[in-house]
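The structure appears below as structure tokens.
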Amino acid sequence: MKRSGGKWRWTVAAAALAMLVGCGGAGSGSESGKKGVRPDRDLVLAIRQAGQATASSVEVQPLRDPAVDGFLKQAGDLEAAQNFVDAIAAVDRALKLAPDAPEILQLKAELSIGLHRYADAEALARRSFELGPRLGSLCARNWQTVVETRRVAKDEASSASAKAQVAACKVPPRQRL
């Protein structure tokens, strides 16, 4: 069954990032001044947009401890304030309660980009992929994270390979007769 609360949070976060991108918003990382490398907020926006573009009509969300949702809401609020250190701390508290939750690992990957921890972000995204459904929006966010971190590392071959994986996350429509 689809839960709309999580989708709403991601939509709000994506909109906030889009506003920051559009108006030149708050400072980005030191990587943003380098030619050909997008600011970190653009990387996270691209990751989340890949997930939205690949979302299927049915995505299963596990039931979990309400405290986890509280920590994730706190992390979302802290991310909106660009307080990535405390946002990651809130996600870490959620992970103590749900250590193998792929969507929480992916959120930590996205927050790690805000701190320029690209290797950590990629490792978290890959771990999330291994534990996750390997299809749909979470899969696309996992692989788009790898695309973006490989681009930052100027590893275009690996980035292109990961881009192909993003396309493989799309759930094909059912054939109706």
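Among the numbered criteria (1) in contact (Cβ under 8 Å) with a residue 40 or more places away in the chain; (2) more than 28 Å from residue 172 (Cα to Cα); (3) aliphatic (A, V, I, L, M), which single criterion is violated by residue 138?
Here residue 138 clears every test but (2).
Just give me the residues in the stretch 125-134 being crowded, with 24+ Cβ neighbours inside 10 Å and among the hydrophobic types (A, V, I, L, M, F, W, C), in sequence order. If you could, list the steps in order and put the result at the bottom.
Let us first name the residues in the stretch 125-134 that are crowded, with 24+ Cβ neighbours inside 10 Å, namely 125, 128.
125, the sole residue that qualifies.
Could you list, in sequence order, all residues of the stretch 151-177 that are farther than 19 Å from residue 117 by Cα and surrounded by 14 or more Cβ atoms within 10 Å (Cβ to Cβ)?
Residues satisfying the conditions are 161, 163, 165, 166, 169, 170, 171.
Testing residue 137 on (1) farther than 29 Å from residue 69 by Cβ; (2) crowded, with 22+ Cβ neighbours inside 10 Å, one condition comes back false. Which one is that?
It is condition (1) that residue 137 fails.
Just one of (1) over 16 Å from residue 44 (Cβ atoms); (2) aliphatic (A, V, I, L, M); (3) surrounded by fewer than 23 Cβ atoms within 10 Å (Cβ to Cβ) trips up residue 115, so point out which.
Among (1) over 16 Å from residue 44 (Cβ atoms); (2) aliphatic (A, V, I, L, M); (3) surrounded by fewer than 23 Cβ atoms within 10 Å (Cβ to Cβ), residue 115 violates only (1).
I'd like the residue in the stretch 133-154 that is assigned to a loop (DSSP other than H, G, I, E, B) and modelled with pLDDT of 95 or more and, out of all such residues, is farthest from the chain's Cα centre (by Cα).
Going through the stretch 133-154, the residues assigned to a loop (DSSP other than H, G, I, E, B) turn out to be 133-135, 153-154.
Within this subset, residues satisfying the condition of being modelled with pLDDT of 95 or more are 153-154.
Working: 153: 18, 154: 20 Å.
Only one residue fits best here, namely 154.
Please work out if residue 108 is within 15 Å of residue 44 (Cβ to Cβ) and either of a type in the set (Lys, Arg) or surrounded by fewer than 17 Cβ atoms within 10 Å (Cβ to Cβ) (or both).
Values: within 15 Å of residue 44 (Cβ to Cβ): yes; either of a type in the set (Lys, Arg) or surrounded by fewer than 17 Cβ atoms within 10 Å (Cβ to Cβ) (or both): yes.
For residue 108, the condition - within 15 Å of residue 44 (Cβ to Cβ) and either of a type in the set (Lys, Arg) or surrounded by fewer than 17 Cβ atoms within 10 Å (Cβ to Cβ) (or both) - is met.
Can you tell me which residue within the stretch 140-150, out of those that are of a type outside the set (Phe, Trp, Tyr) and out of contact with any Gly (no Cβ under 8 Å at 6 or more places or on another chain), is surrounded by the most Cβ atoms within 10 Å (Cβ to Cβ)?
Taking the stretch 140-150 and keeping what is of a type outside the set (Phe, Trp, Tyr), we get 140-142, 144-150.
Within this subset, residues satisfying the condition of being out of contact with any Gly (no Cβ under 8 Å at 6 or more places or on another chain) are 145-150.
Numbers: 145: 32, 146: 24, 147: 24, 148: 27, 149: 27, 150: 20.
The selected residue is 145.
Looking at the stretch 155-177, which of its residues are without any contact (Cβ under 8 Å) to a residue 24 or more places away in the chain and outside any helix (DSSP H, G or I)?
Of everything in the stretch 155-177, those that are without any contact (Cβ under 8 Å) to a residue 24 or more places away in the chain and outside any helix (DSSP H, G or I) turn out to be 155, 172, 173, 174, 175, 176, 177.
Just one of the numbered conditions (1) within 24 Å of residue 170 (Cβ to Cβ); (2) more than 16 Å from the chain's Cα centre (by Cα); (3) not aromatic (Phe, Trp, Tyr) is not true of residue 51; which one?
Evaluating residue 51 over (1) within 24 Å of residue 170 (Cβ to Cβ); (2) more than 16 Å from the chain's Cα centre (by Cα); (3) not aromatic (Phe, Trp, Tyr) leaves (2) as the failure.
The values are calculated or read from the model by the stated rules, or taken from the named source; none is laboratory data. Values in this document were obtained by computation on a predicted structure and should not be read as measured data. As a convention, Cβ positions derive from the backbone with ideal geometry for all residues, glycine included, and neighbour counts pool all protein chains shown.
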